[in-house]
Structures are given as structure tokens and as C-alpha cells.
Amino acid sequence: MKIQATPASELAKLIGAKVIGSAQKHITGLNEIHRVNEGDLIFVDHPKYFKNALSSKATAVIINQEVECPDGKVLLLHEEPFTAYNKLVRHFQPLQFSNASISPTARIGENTVIMPGVFVGHEVEIGDNCIIYPNTVIYDYTHIGNNVIIHANSVIGSDAFYFKRRLSKLEKLESCGDVIIHNDVEIGAGCTIDRGVSASTIIGEGTKIDNLVHIGHDSTIGKHCTIAAQVGVAGVVDIGDNVILWGQAGIANDITIPNNVEVYAQSGVGKDLESGKVYFGSPAAEAREKFKELAYLKKLPSFIEHIKNNT
Amino acid sequence: MKIQATPASELAKLIGAKVIGSAQKHITGLNEIHRVNEGDLIFVDHPKYFKNALSSKATAVIINQEVECPDGKVLLLHEEPFTAYNKLVRHFQPLQFSNASISPTARIGENTVIMPGVFVGHEVEIGDNCIIYPNTVIYDYTHIGNNVIIHANSVIGSDAFYFKRRLSKLEKLESCGDVIIHNDVEIGAGCTIDRGVSASTIIGEGTKIDNLVHIGHDSTIGKHCTIAAQVGVAGVVDIGDNVILWGQAGIANDITIPNNVEVYAQSGVGKDLESGKVYFGSPAAEAREKFKELAYLKKLPSFIEHIKNNT
Amino acid sequence: MKIQATPASELAKLIGAKVIGSAQKHITGLNEIHRVNEGDLIFVDHPKYFKNALSSKATAVIINQEVECPDGKVLLLHEEPFTAYNKLVRHFQPLQFSNASISPTARIGENTVIMPGVFVGHEVEIGDNCIIYPNTVIYDYTHIGNNVIIHANSVIGSDAFYFKRRLSKLEKLESCGDVIIHNDVEIGAGCTIDRGVSASTIIGEGTKIDNLVHIGHDSTIGKHCTIAAQVGVAGVVDIGDNVILWGQAGIANDITIPNNVEVYAQSGVGKDLESGKVYFGSPAAEAREKFKELAYLKKLPSFIEHIKNNT
């Protein structure tokens, strides 16, 4: 999330942190490590990730251990970086619940049809020539391009599913990202597309999504993809252009799927894939390899019995 | 979709096509090749499908190559049959978005309960003694029989997921079909049932559907089936009577499942099945064969190690 | 479902049953065999289950065969126990459809936000500091604790999917149970949580549920679980504390999953699991066993070819 440029020292004061390094640096965004840019503040609370965080593009890092501050960066020392970060998120983006079905701060383009029962949150932008079917819910800050169709009862911009397991509870990472839907996208009925936890969940131009599809936080989908019914895409997944995901396929967290990949129905993708290839299975492998395995598996019972009877 | 009987020559004029054959034939419907009837107009744009299209029951065919016209039929020669067909669809069934939650052209039977937040589109028919739970969305032209229960937030009649991949975009086949739900059907919460792209999606008498189930365009489901939660049925699937689909099973496009078939949970059906049999696996096979394979797969590691150590 | 204490003889009169045994016993609840308590009336209609039913905690049993009545119990002899039981369910809990989006009998706590388009049924209780996002539907009798978040278009309390297959139809077991959601639970967008058919579906304190998840009737989920997107939990499943179910996993009917179990994505659980273990596959097995099988399956084609070429 972009914020108004604010000196790191001022953010430190808001969360009661000790400042190490360039206290006067101006911070222009809050972000999670996966999607960080220069000017951003991030948090880290486990030594395993310290190196990654400190060498990232982040300008400021909330951290729970006194370490050397890299040149040109600033550290905010705090016992609970996760909780402190959450406090900043809600400071810069307080929850404001709309009483109106269509928020007065929403901007809706020309020739766009908003059907009965649709909810449109604060600061939402919807372009021209869109059709938003009944009872669809569009959370605050969502950006929708032109010629976009969203079928009934879909939900755009719900919170990221992102929790830290504490000893006696699950602590939520507060979402402050958004959803960006580019021109000419069609989204089926009953879909859910989560907002980025700090960055954007993006659906690329011309991509078509069938019914009951889930797209997780901060995932980006390229242009002209087709995603069949009941596919699930977890968080922070990067999908290229012209990708085809068949029905009920699932893509795990943090996966990269390059251009022109095809994933067959019910496959489960747990590793990065290679451009232009076709995959099948759970866990997914190249389809022809997987089909070969399955053909041999079919022969396995009689093969084992044959061996047993002949040795 | 049925249309008012119209001479083929007039349809040709609407799309700027050259007529070959019986120009005066009256056309009474627009249809997709899978569900075509006599009197229908269809389209074909790839030589691979020419023979099928020309020998089908269709009376008129929009086609992109000058071929011999079969006796008693009429060809409409057009560079882009897909686009021309779409133009006819929206000519005969223009999109008309209802401002009302319940369209004044909807017909709702006696003793039927429509709960708050429900949307009922144009020309929808709902029979007697139905219960439509809150926030359900029923698109235009849907027919619902008597004693039907639809749980909250389900969507009936959303557009078919049917796109043609062009060089730089996906072109949508415009839906003009409908959904027919027969008597005594119960549909769970959060389901999506797409309309036929040109014909009808049909749910047979007494069939019961659990939550979050997807039924694709032009699929027909027989009588007294049970379909458990999160099952996905793709487009143009034909399912018989008394079929049982357990949770999260998936059925691919164009599949036929005859009467009394049982498909176990999470199975993926990619081939036509046989009446009265039980199936499991992804891809699905007869359950006892599949379970046998899995039992042998369990023994495989120790079997291979044993062979290695003894040869 | 609890009912006002009523003599068994009076219930027998309501359904036209013959009484055997302690006719004056007061009955305080209607229940299904899986969740029965003392004071409850249950039904049984197949000799296979007679022993179970008669030796259960039930005080009264509707039964279709004259058998010996256990001491201190009462039998209600009826040709169609299933139908007779249904009649009692709707006698004590008649369907009453709310015209209001928020029923006047609902009790909503302090500082709780109910967003536009939400439906709240009769006798619903919602605690303090909750956020109910737009177009969520909460059926009658649901109990929701404090600090609960429910995202848009979720459905809480829809009917159990529970049908008896008759010769020419599926007869529904009428639901009279409820849903109980404890404090600090978060439920994603587009989820469906069915009410108990006679008891309660329970989501334990602090549990977090992602989008498009289905939880079946009478299932109980412990504390601080995380359930990822598109998971399906069937009916009468018991899940302990700190359980993790990854995306698209499915849990079959009547399964027990104890504390600290982790089930990987797309797994299908068809047997009771053991505490603290990790599972994968469909059907699910211990993950390391399953991964070992899959590693050997990968080698299978070349192994079989090698054997063939060397014997």
C-alpha cells in the first residue's frame, strides 16, 4: 500500500520502536516482503528471514533484534514486528464500513450496468461498458477496467488469508492491498478474488474466469488466460499470459507459471512450471510423463503377480 | 434458442452473408452443433468440422468456405461465422438488464416463498410451493418447476463459459439458452448452474444437489440423482437417472454418464461411463480396479527393493 | 434440537404411533442417532441399526418393527419412522420465513457491523465486535460469538444434505439443528456452513477459514484450526484443535481428525487419522509413505522395461 511520504522516525513513534539508521528517510509504502519496492516499510520477526529482509529493496524494516543497519536503510526495533506492522496498516488505512450499497466515493464509468443487490465499496473504480451482475460484492479500493463482466454473487477484494500461528491464537496480518482487474476480463458466478495483503492481486487483460474460482492474495494473472470452474489459486502466485487452467486444478503458494502453460483438470501444482508445457496430476508433472506412469500403474498388479509366480 | 420463423435470406442480410442453397427456408432456432435440431441455424468455421455440420440436423449453416450445399439446406457464407452467429444471437435476444430485483415479467406460482435479496430476471417462471432462500440470483429465462428449494446465494442461469481463442483475444460465444429445473429439485447454497449456450441446461425431477456445486452450460442431469458438495460438471455433459456423484468429483466436457452410476469423491471423469458401475480416481476407472492398483502401489517400494536385492 | 419436555405418549399421538414401554417418559429433544443424548427421541427403520438405536442414550425410539423395549425406554411403533420423525421436527420447529432482511427476533451485539445486503434470520444471536460483510446469509437459529468476521456472500445455517433413497424419490430428513460459531473465528468469502440435521455444526474458537469452503451438517471443528480455500468437510466429521487442512482437501462423512493433524492440499480423507501426523493423497495416507510411493511410481516405467529386457 502506498502511503503519504512520512519520515521513518515518525512511524517509529507510532509503534513505539527504537530507530537504528537513517531516521529521516521518507517511507512511501507498507509492504510484505514478497512484493516490496524502494521506499517501502516491511517487517521481519525470524532470524531465518533477516538476511532476505535486510537485503531487499525495503527502505525501512521493523525487526525484533538489534542488527547492523545496511547503508541508506532504517531499522525499527520492536518486540513484535508483526503486530507493529499491523498497527501501521490500520493507522494509514482505517476500516470504514459503508452503510450504502454503492459508496458515494465509488467512481463508475459510462454505460456500465450495476444490477440490483450489488455492493460497491469505498474508492472503488469501475470503467466503462462493464456489467456487474446481481449481488456481486466489490470491496473497497478495487480497480476495474473497461468492458469487464462479473457474474452474480462473486466477491472481489475480500481479505487475504494470512495468519501467524501464536502459542494460543492465530494472529491476522491486516490486509491493505487491493485488486486490479484489467480491461475485457470476464469473471464467472460465485468467484472469490482476495485483495493483496499489501500489494495488488491482478487479473490481466482479456483473461476469462469460470464459476466458483478462488484467486488468493497478491497473485497476478497474465493476459488472455482461461481458468475453468472451481480452480483454486493460492496467494502470491505469478501466472503468465495465455495460460490454461482446467477445472478444479489447484496452484500452491508462491508458484510461478510462465506463458502458454496448460494445466489439466484436478492437477495440483506445487512447483514452478516451464513455459509452453502441459501438466497433469497431483502433484503435477509433465502430462505425458504422468500418463505414462498411470499406464504402467494399470499393469502393475498383473506384473507383480507374474514376477511372483515365475521366481 | 427458438426464434420466430425467419427466411434464411433475411438472416443472411442481417450479417452480410452470401446465401447458397434454399434461401427461402424458414429458420426457427439458433443453436450450437452439440444440441442442434431441424429448423436451426448453426455455424462452423474450421474444415475439420465441416462434414459434421453439413450432415447435422441443421437447416442453415454459417460457414467460412464455399462448399457444396446439401439438398434442402442453406449455407450463409461469411468470413467470421462465430462473430456472425453472435450477432444473430444478440439480435434475437438483446441484453436487457432489469432494474427491479424481481422483474415484472417474471411469473411466480402459488405458495412460493421468495426471500429477501433474491433477484429474479426477465421471463423467469417459478412454479408452486417453492422456497428461494435469500440472495439467490435467477437470471432471465430460467424455468423452475414445483416444490423446488434453492438455498442461499446460489446462481441459476449465468453465461456459458465458452470462448474461442483468437490471435490476440478470447472471443465469447454469446449465450442465448436457458436453465430448466424440474419438480422436486433441491439445490444447495452457493451453487452455480450456467444457462445453455444455445439450448437448455436441465436438472431432472427430484434430483438433489449439495452446496458449492457447479453445473456447466447445456448439461442435462436426470431424475433422482444426488450430487454432493463441490462437484463440478463441465459443459454439454449428459447424466442419467439415479446417478450419485460424491464430493469434489469432476466431470469433463461432453461426457455421458448413464443411469445408476456412482462416482466416488474427488474422482475425475474424462471418458463416458457404463451404466450401473462404480468409479474412482483421477482419471476415473472402475473403483475395484483402481483400488487394486492403489493396493499394489503401496507394495511397490518394498517390491522394487526386494527385486533389486535379489537379482 | 431441544424441545419442551413432552410425554412420549403425546408424541405418539402426533404421529399416530403405538407406544411400547414407558409411555409417560418425558422427551426433551429430537435427534439423529449420531449425536443423541438422554431424553432424546430418535428414529430407526432398518434391522441393521436396531441394536445401535436401542442401546443408545435415546429415551424414545420410533421404530418400524415390534421389538422388546429396553428398560426405562419407550418405543413408538410406526410404519415409516423417517417420515414420522420429520413430522415431529416440523411440528416443534415450523418453517417461518422472514420477510425482513434482519429478523426482529435476531439479537445483535455491541459494536458489531452488519453490512448492506446481509440476511439475518429468526432467533439468530451475533456477539460483540463482529463484522458481517455484504450479502452474507445467516439462517435462523445460528449462534455467533464475539469478534467474528464473516466475509461476503457466505452462507451460515443452510439445510443438511441428508436424503433417504426411496423407490421413486429421495426423501429429505428435515433439518432442525443449528450452527454455533465461537469467538474470534474468521470465515472467508463464499463459504457454506450447513446447520446440524438435529444437533449443532460447531466452529471452534479462533479457527480461520478461507474462501469457498464447505462444512457439512453436524460437523465440529476445534480451536485454532486453519482451513484453506475450497476445502470440503462432509457431515458428522469431528476435527480437533490446531488442525491444518490445505486447499481443496476433502473429508468424508463420519471421520475423526484429532488435534494437530495436517492434511496436504487436494487430499481426500476417508479414514480416521492419528494425532500429530501429516497426510497426503486421495485416498490420504501418511505423507512420507505417500511421497515414497509416488517416487517409486515415477521409476516404475523404466523398472518394468528393465525387468522385461533382462528376463
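A few notes on this one:
- Converting phi to 3J(HN,Hα) with the Karplus coefficients 6.51, -1.76 and 1.60 and the offset θ = phi - 60°, the stretch A:99-114 yields 7, 8, 5, 10, 4, x, 8, 6, 10, 10, x, 7, 6, 8, 9, 10 Hz in sequence order, with x at every glycine or proline.
- Debye, to nearest 20: dipole size of the stretch A:107-288, +1 on Lys, Arg Cβ, -1 on Asp, Glu Cβ: 660
- Exam field: residue C:38 pseudo-label spacings to other copies (7 Å along Cα-Cβ), nanometres: 7.5, 7.5
- Taking only protein heavy atoms and a 1.4 Å probe, the accessible area of the protein assembly as shown is 49% carbon and sulfur.
- With Cα atoms defining each centre, the stretch B:32-67 and the stretch A:218-238 are spaced 35 Å apart in the structure.
- Cα gyration tensor shape for the stretch B:2-92, rounded if a/c is under 1.5, else prolate or oblate: rounded
- Taking θ as phi - 60° and the Karplus parameters 6.51, -1.76 and 1.60, the scalar couplings of the stretch A:222-234 work out to x, 8, 6, 7, 10, 10, 7, 4, 6, 5, x, 10, 6 Hz in sequence order, x denoting glycine and proline.
- For the stretch C:246-311, GluC sites (Glu not before Pro) meeting the loop criterion (DSSP other than H, G, I, E, B) and having at most 15 other Cβ atoms within 10 Å: C:274.
- Given charges at beta-carbon only (K, R positive; D, E negative), |dipole| of the protein assembly as shown in Debye: 1780
- Note on residue A:113/residue C:110: beta-carbon distance plugged into 1/(1 + (r/R0)^6) with R0 of 41 Å gives a FRET efficiency of 0.60.
- For residue B:161, the residues whose modelled amide H falls within less than 5 Å of its own, excluding neighbours fewer than 5 places apart on the same chain, are B:217.
- Interface residues of the stretch A:229-276, defined as those with an accessible-area decrease of at least 30 Å² between the chain by itself and the complete set of protein chains (probe 1.4 Å), are A:230, A:248, A:266.
- Global form of the protein assembly as shown, assessed from the alpha-carbon gyration tensor, a/c cut-off 1.5: rounded
- Taking every DSSP helix (H) stretch of at least 4 residues in chain B, weighting each as -39,500 (n - 2.57) and dividing the sum by the residue count yields a mean residue ellipticity at 222 nm of -5000 deg cm²/dmol.
- Interface residues of the stretch A:167-204, defined as those losing at least 30 Å² of solvent-accessible heavy-atom surface relative to the isolated chain (probe radius 1.4 Å), are listed as A:170, A:172, A:186, A:189, A:192.
- For the pair residue C:271 and residue C:102, label points projected 7 Å from Cα toward Cβ lie 5.0 nm apart.
- Look at the dipole of the protein assembly as shown built from charges on Cβ: of A:302, C:154, A:168, the Cα furthest out on the positive end belongs to A:302.
- Assuming charge only on the beta carbon of Lys and Arg (+1) and of Asp and Glu (-1), the dipole of chain C about its Cα centre is about 880 debye to the nearest 20.
- Prolate/oblate/rounded call for the stretch C:150-289, Cα gyration tensor, a/c under 1.5 rounded: oblate
- Given A:271/C:277; B:277/C:48; B:223/C:48; B:25/B:164; C:25/C:57, the pairs whose alpha carbons are separated by over 21 Å: A:271/C:277; B:277/C:48; B:223/C:48; B:25/B:164
- Charge dipole of the stretch A:2-92 about the Cα centre (unit charges at C-beta), most positive-ward option of A:39, A:20, A:67: A:39
- Using alpha-carbon coordinates, inclination of helix C:287-309 to the longest axis of chain C, degrees: 50
- Ellipsoid semi-axes in whole angstrom, largest first, where each is sqrt(5λ) of the Cα gyration tensor of chain C: 38, 30, 16
- Between copies, the label points at residue C:91 (set 7 angstrom from Cα along Cα-to-Cβ) are spaced 6.4, 6.4 nm, reported in nanometres from shortest to longest.
- Under the simplified labelling scheme, the residue B:298-residue A:18 pair shows an inter-label distance of 5.8 nm, with each label point 7 Å from Cα along Cα→Cβ.
- Scanning residues 5 or more positions from residue A:238 or on other chains, those with amide H under 5 Å from its amide H are A:220, A:255, A:256, A:257, with H placed 1.01 Å from N in the peptide plane.
- The distance between label points at residue C:122 and residue A:288 comes to 6.4 nm (points 7 Å beyond Cα on the Cα→Cβ vector).
- Relative contact order for chain A, counting Cα pairs under 8 Å that sit 6 or more residues apart, in percent: 8
- For residue C:279, the amide hydrogen comes within under 5 Å of the amide hydrogens of C:262, C:263, C:264, C:287, counting only partners 5 or more places away or on other chains and with H modelled in the peptide plane.
- At 7 Å out from Cα toward Cβ: residue C:291 inter-copy label distances (nm, ascending): 2.9, 2.9
The values are calculated or read from the model by the stated rules, or taken from the named source; none is laboratory data. Note that the coordinates shown come from a computational prediction; the quantities given were computed from them, not determined experimentally. Every residue, glycine as well, gets a Cβ built from its backbone with ideal geometry; the counts of neighbours run over all protein chains shown. Accessible surface areas use protein heavy atoms only, side chains included; no ligands, DNA or RNA. Shrake-Rupley method; radii C 1.70, N 1.55, O 1.52, S 1.80 Å.
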